[in-house]
């Protein structure tokens with residue numbers, strides 16, 4: 001997780017818990033150490049919790065010069081900040097290659113060119129308000145016991161984080177148009193078999 005994102009959202013969560021702000025990761029305080037030990041993993045999990053629109057990218061993968069030793073003809077580099085590799089394609093509107101494999105930070109395939117439907121960590125400026133609200137509440141929930149020492153606070157913020165996740169998913173779903181269903185038997189039966 002980007003340290004700037006961790007610091008910004010982490011400080012917002014600390015403010016919710018009534019704690020002092022942290023100036024930087026290596027300021028030498030126990031508060032900063034706790035924040036940078038817990039918040040990056042929490043923020044990674046928040047991004048992975050849902051396919052947020054700001055994380056989804058369709059991108060051409062750069063082919064590496066050296067052929068792989070896995071039996072495939074070509075190796076392609078996966079980008080840094082990868083959350084999830086959703087699909088591998090031979091063309092932006094095409095289908096998947098006949099065979100491919102992820103090996104470390106590479107995709108191996110016999111195709112000459114590969115595109116990938118990915119989820120990447122976005123810069124903080126690209127995070128929508130509903131995602132920031134959820135991430136802030138989740139970081140507060142994960143820090144609450146360590147910062148306040150109160151299980152009641154931890155339970156309160158865990159509940160708030162769950163509610164913020166549901167609200168963020170609702171907002172996110174409103175930004176995607178409904179897809180019509182074609183050739184679905186129940187739709188045909190509902191309309192008299194047409």
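The values are calculated or read from the model by the stated rules, or taken from the named source; none is laboratory data. On a predicted model such as this, the values are computed, not experimentally measured, just so you know. Here Cβ is always computed from backbone atoms with ideal geometry, including for glycine, and neighbour counts include all displayed protein chains.
The set of residues in the range 8-38 being within 25 Å of residue 119 (Cα to Cα) and either without any contact (Cβ under 8 Å) to a residue 24 or more places away in the chain or in the same structural domain as residue 83 (by TED's automatic domain parsing) (or both) consists of 37 alone. Taking the range 4-34 as the range and being at negative phi and surrounded by fewer than 14 Cβ atoms within 10 Å (Cβ to Cβ) as the test, the residues that pass are 4, 15, 20, 21, 23, 24, 26, 27, 29, 30. Applying the selection to the range 25-60, what residues are touching a helix residue (DSSP H, G or I) at 6+ places or on another chain (Cβ under 7 Å) and either over 19 Å from residue 160 (Cβ atoms) or in a loop (DSSP other than H, G, I, E, B) (or both)? Within the range 25-60, 25, 34, 36, 40, 49, 50, 52, 53, 54, 55 qualify.
Tallying residues that are under 30 Å from residue 40 (Cβ atoms) and in contact with a strand residue (DSSP E or B) (Cβ under 7 Å, 6 or more places away or on another chain) within the range 60-99 yields 17. Whether a residue is assigned by TED's automatic domain parsing to the domain that holds residue 92 and modelled with pLDDT of 90 or more was assessed, and residue 44 does not pass this test.
Rundown of residues vs (1) modelled with pLDDT of 90 or more; (2) surrounded by 15 or more Cβ atoms within 10 Å (Cβ to Cβ); (3) outside the structural domain of residue 21 (by TED's automatic domain parsing); (4) not in a helix (DSSP H, G or I), yes/no style:
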| residue | (1), (2), (3), (4) |
| --- | --- |
| 112 | yes, no, yes, yes |
| 116 | yes, yes, yes, yes |
| 133 | yes, yes, no, no |
| 141 | yes, yes, no, no |
| 153 | yes, yes, no, no |
| 160 | yes, yes, no, no |
| 182 | no, no, yes, yes |
| 193 | no, no, yes, yes |
